[in-house]
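*Asks:* My questions all concern the structure below.
Read-outs throughout are calculated quantities, based only on the coordinates presented, and are distinct from any laboratory measurement. Quick caveat: nothing in here was measured; it's all calculated off a predicted structure. For neighbour counting, all protein chains shown are included, and Cβ atoms are generated from backbone atoms with ideal geometry for every residue, glycine included.
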Amino acid sequence: MQDPASEKLSTEQAPKASPTKKPTASTFDFMVVSNRLPVDRCSSDGNDDGGDGWRRSPGGLVTALAPMMTKSDGAWVGWHGAPDETVRPFSHEGMDLVPVQLSSHEVELYYEGFSNATIWPLYHDVIAPPEFHRTWWDSYRTVNKKFADAVIRHAADGATVWVQDYQLQLVPRLLREARPDLKIGFFNHIPFPPPEIFAQLPWRREIIDGLLGADLLGFQRPSDAGNFMRSARRFLGASVKQQQVHVKGPDGEVTHIARAQAFPISIDVDQIRELAANPDIIERAKQIRRDLGDPTTILLGVDRLDYTKGIGHRLKAFEELLREGSIKVEDATLIQVASPSRERVEQYRLLREEIEGTVGHINGTYDTIQNTAVRYLHHSYPVEEMVALYLAADVMLVTALRDGMNLVAKEYVTARQNDDGALVLSEFAGAADQLKQAFLINPHDIDGLKSAILRAVNLPPKEARRRMKLMRKQILDHDVDHWSAEFLAALEEKVVRDDS
């Protein structure tokens, strides 16, 4: 929906970086910047001193970078998760943390609005219609400047700064204007759309210009990096050669070279392998099967409840297989974990109602006294329970309509230490580039999805081992440490200008 008064703001109206500020006494040689800090509050007593009031957040990014932060003179900049609250910089488990304060109004406009109702659907191929509102854009600019100013205050001379994801796309340019001494990296964890879709954004020039403040731009897939470079050429008239964008200043001279490359993110392999070998978790997986009546086949879907994940397509395919008799409820159960997501956003509340209605219809039609067709779980679970589910499931279904990577697919494969099981994987997930031995599907093709599910369910053990072994080797050789090390090494490389 276009705001009737919406119009593109000129580049001259973009937020100006604060004048270069002398770094404070607490300065750091390496800084990570993300929308959220790598900690969650675990008490309600208002404790903000980094003591028992905080716990490290789960997730691949924190896992990848936390050890580096504890070993180096590094700090993490991000929002601490509570609006309208001031929290001083603090340390937690060896990490220095610099909180950025956000008001409730800013969370509503910058995060729920521009980040998740404009950028998220636009970058996911407009699966849902994006909304364009100038008030949201203004808040996005204001908040990006807050994050940039926090870095400027705390970055040592010549520091390396790694900015994360779509909520902070203006930060690289703001940093370069105020602190040209910094080495600036940016990683986009979600897809980057082709220019034909990106063109819809009224502030497309400002976003591209903001990103081009970085020395190195990382994307999940080569196609995402290519989409970005095509947009830079089309909307800013940038000179793009190979993987280099020659960024010019107001005088027309090249100020620096921004490189755009693919760095597919991965998972903490050691953590998943250790949990998958834990006797308690192995027993929990067996208990899950017993609780479901020991079906011949358990199929599993694990997703945030999001319209990009193709949960409805998955349920439709499964229901048709039941209706046709290709799969019988006495033999097969689908476990669908749908973690709560952005429940204050109307589109997500409607999606939840739709999915829960579909599950109710399937179960009402096909359940027996002893058997349930779909076990639907609208919860978030700790990683230990997730690994137990991976061990219990014979077939993993990843049917995303568009996904930057999808680490669940990699976690499932890593957990299958006996080299059994099967993965049905959308070709529109970044993981499809690495996990080529999965059953790759187009989730919009329901007949093709059904066929892939049946092949996975009936996969001979020898063929399952061959496929799983190859996929596991790929992930074990390219874990999350490999991802971060590869990106940071590329960021430190001396750029050779390509004028050919």
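*Asks:* State whether the stretch 258-412 is rounded, prolate or oblate according to the following rule on the C-alpha gyration tensor (a ≥ b ≥ c being the square roots of its eigenvalues): a/c under 1.5 gives rounded; otherwise a/b larger than b/c gives prolate, and the remaining case gives oblate.
*Replies:* Oblate, since a/c reaches 1.5 and b/c is not below a/b.
*Asks:* Could you check what % of the DSSP bridge pairs in the chain are antiparallel, to the nearest 5?
*Replies:* 20 percent
*Asks:* Classify the stretch 246-333: rounded, prolate or oblate, from the alpha-carbon gyration tensor (a ≥ b ≥ c, eigenvalue square roots; a/c under 1.5 rounded; otherwise prolate if a/b is larger than b/c)?
*Replies:* oblate
*Asks:* Then there's this: What FRET efficiency do you get for residue 486 and residue 427 if R0 is 25 Å and r is their Cβ-Cβ distance, rounded to the nearest 0.05?
*Replies:* 0.55
*Asks:* Round to the nearest 10 and give me the degree value, 0 to 90, for the angle of helix 461-477's Cα axis relative to the longest principal axis of the chain.
*Replies:* Here the helix axis deviates by roughly 20 degrees.
*Asks:* Let me ask something additional. Report, in degrees rounded to the nearest 10, the 0 to 90 angle that the Cα long axis of helix 311-324 makes with the longest principal axis of the chain.
*Replies:* Relative to the chain, helix 311-324 is tipped by roughly 10 degrees.
*Asks:* Related question: Pull out the extension gain between residue 326 and residue 455, defined as 0.36 nm times the separation in residues minus the alpha carbon to alpha carbon distance; nm, one decimal.
*Replies:* Residue separation times 0.36 nm, minus the Cα-Cα distance, leaves 45.3 nm.
*Asks:* In addition: Under 5 Å between amide hydrogens, which residues at least 5 positions from residue 75 or on another chain qualify, with H placed 1.01 Å from N in the peptide plane?
*Replies:* 30, 31, 32
*Asks:* Then there's this: Using Cα positions and a limit of under 16 Å, work out the aspartates and glutamates in reach of residue 462, with same-chain residues fewer than 8 apart set aside.
*Replies:* Reachable aspartates and glutamates: 394, 419, 420.
*Asks:* Among 146/309; 146/183; 410/494; 71/183, which pairs are too far apart, with a Cα-Cα distance over 24 Å?
*Replies:* Among 146/309; 146/183; 410/494; 71/183, the Cα-Cα distance tops 24 Å for 146/309; 410/494.
*Asks:* Between residue 26 and residue 296, take the C-beta separation as r, use R0 = 45 Å, and let me know the FRET efficiency to the nearest 0.05.
*Replies:* That gives a FRET efficiency of 0.15.
*Asks:* Moving on. Relative to a virtual label point 7 Å from the Cα of residue 493 in the Cα→beta-carbon direction, which members of the stretch 161-190 show backbone nitrogen distances below 19 Å?
*Replies:* Hits in the stretch 161-190 for residue 493 at 19 Å: 161-163, 183-188.
*Asks:* Over the Cα atoms of the stretch 399-472, compute the convex hull volume and normalise it per residue, giving Å³.
*Replies:* 66 Å³
*Asks:* If amide H atoms are built 1.01 Å from N in the plane of the peptide, which residues on other chains or at least 5 residues away come under 5 Å of the amide H of residue 36?
*Replies:* 79
*Asks:* Go from 0 up to the bin containing the longest alpha carbon distance in the chain, width 10 Å each, and give me the % of pairs per bin.
*Replies:* Going out from 0 Å in 10 Å bins, the chain shows 4, 18, 28, 26, 16, 6, 1, 0 percent.
*Asks:* In Å, the Kirkwood hydrodynamic radius of the stretch 45-201 over pairs of distinct alpha carbons?
*Replies:* For the stretch 45-201, the Kirkwood estimate is 16.9 Å.
*Asks:* Residue 142 to residue 304: extension gain in nm, 0.36 nm per residue of separation minus the Cα-Cα distance?
*Replies:* So the chain would gain 55.5 nm between residue 142 and residue 304.
*Asks:* Another question, if that's okay. Need one number: nm distance between label points at residue 369 and residue 446, each 7 Å from Cα along Cα→Cβ, rounded to one decimal.
*Replies:* Once both label points are built, they end up 3.3 nm from each other.
*Asks:* Then there is this: Quick one: which residues, 5 or more positions from residue 376 or on another chain, have an amide H under 5 Å from its amide H? H modelled 1.01 Å from N in the peptide plane, none for Pro or chain starts.
*Replies:* 336
*Asks:* Could you tell me what a quarter of the Cα convex hull surface of the stretch 177-244 works out to, in nm² with one decimal place?
*Replies:* The orientation-averaged projected area of the Cα hull of the stretch 177-244 comes to 4.8 nm².
*Asks:* With bins 10 Å wide starting at 0, give me the P(r) of the stretch 175-332 over every alpha carbon pair, in whole percents.
*Replies:* 9, 24, 22, 16, 15, 11, 3, 0
*Asks:* Can you pull the one-decimal nm distance between simple spin-label points at residue 181 and residue 88, each 7 Å off the Cα toward Cβ?
*Replies:* 2.7 nm
*Asks:* Here is a follow-up. If I stretch the segment between residue 356 and residue 233 completely, what's the gain in nm (0.36 nm per residue apart, minus their alpha carbon distance), one decimal?
*Replies:* That pair, residue 356 and residue 233, stretches by 39.9 nm at full extension.
*Asks:* Can you give the FRET efficiency for residue 196 and residue 473, using 1/(1 + (r/R0)^6), R0 = 25 Å, r = Cβ-Cβ distance, to the nearest 0.05?
*Replies:* Efficiency at R0 = 25 Å is approximately 0.10.
*Asks:* Go ahead and estimate [θ] at 222 nm for the chain from helices alone: -39,500 (n - 2.57) per DSSP H run with n ≥ 4, summed, over the residue count, rounded to 500.
*Replies:* Calculated mean residue ellipticity at 222 nm is -11500 deg cm²/dmol.
*Asks:* HN-Hα J couplings of the stretch 156-173 from phi, Karplus 6.51/-1.76/1.60, θ = phi - 60°, integer Hz, Gly and Pro as x?
*Replies:* Taking θ as phi minus 60°, the curve returns 6, 4, x, 5, 9, 10, 10, 8, 10, 6, 5, 6, 10, 6, 8, 4, x, 5 Hz for the stretch 156-173.
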